[in-house]
Amino acid sequence: MIYILSHTYGPFWYNDSSLFVKNAAFNKTIVKLRQEYDRSREDFILSFKKNYSDPLPPSWMIFEVASFGILSSIYENLKHVRAKRDIAQYFGLDDRSFSSWIHGIVYIRNVCAHHSRLWNKKLSIAPTLPISPVNQWLNDTTVINTITGNSTLINNRTYYILSMILYLLKSVNPKNQFKEKVYKLLDDYPSVDPAAMGFTRNWKNEPIWT
């Protein structure tokens, strides 16, 4: 996001209200960025404050101290569809799915930060199903109710979120160990039923998880 938008609109693009859809959301984001900037004690931030009079530093500096939630809000509020598409395509996703996914990750990050139950939770924010993802993705995104026989989408379950995180990690770091850590966690707690987390019956055969 920093790279694409800075090349097009300059280093302070995030401070230009004309690039965003909702002014209220833009103003709220700027307030949050200023708060993060004011309380940061990072050496590069302190150096910038000492040597420059700008109210906020360039995007590649301020985003180093911004929360993931702020980044999600900025992306969602961007006005220029082409820029949003270019950013999402870096991860092999359409822009609508990418926005939904990072919003979903912000949500579960907050669930974890507040020590709330996650493992078998039905998420109140359900990330969308991606349209023609470029990289390996799930073949099966539904589970069958053994009582009714009806199929239900799993995009509001922990398994779907874990699959999203694995997909994004593979996009930026193909050698990541996230998959192995999930397998080990399930092995360490055999009494936990993966189905309660939305894992499909044949999830181990999914290309992204093999």
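Observations, loosely collected:
- Between helix 178-188 and the chain: long-axis angle, C-alpha atoms, 0 to 90°, nearest 10: 50
- Its relative contact order, with pairs defined as Cα atoms under 8 Å and 6+ residues apart, puts the stretch 109-210 at 33 percent.
- Relative contact order (%) - the stretch 53-150, alpha-carbon pairs under 8 angstrom, separation at least six: 25
- Cβ crowding within 10 Å averaged over residues, with 177-189, 195-207 ranked highest first: 195-207, 177-189
- Principal-axis analysis of the Cα atoms of the chain puts helix 81-90 at an angle of about 60° to the longest axis.
- Portion, in percent, of the accessible area of the chain that falls on carbon or sulfur, probe 1.4 Å: 52
- Surface accessible to a 1.4 Å probe, per residue, for the residues of the stretch 22-157, Å²: 61
- Inter-centroid distance (Cα atoms) of the stretch 126-175 relative to the stretch 60-112, Å: 18
- In Hz, Karplus ³J(HN,Hα) per residue of the stretch 115-125 (6.51, -1.76, 1.60; θ = phi - 60°; x = Gly, Pro): 6, 7, 6, 10, 3, 10, 6, 8, 6, 6, 10
- Projected label points at residue 129 and residue 185, each 7 Å from Cα along the beta carbon direction, are separated by 2.5 nanometres.
The values are calculated or read from the model by the stated rules, or taken from the named source; none is laboratory data. On a predicted model such as this, the values are computed, not experimentally measured, just so you know. Note: ideal-geometry Cβ built from the backbone for every residue, glycine included; neighbour counts use all protein chains shown. For accessibility, only protein heavy atoms count, side chains too; no ligands or nucleic acids. Shrake-Rupley method; radii C 1.70, N 1.55, O 1.52, S 1.80 Å.
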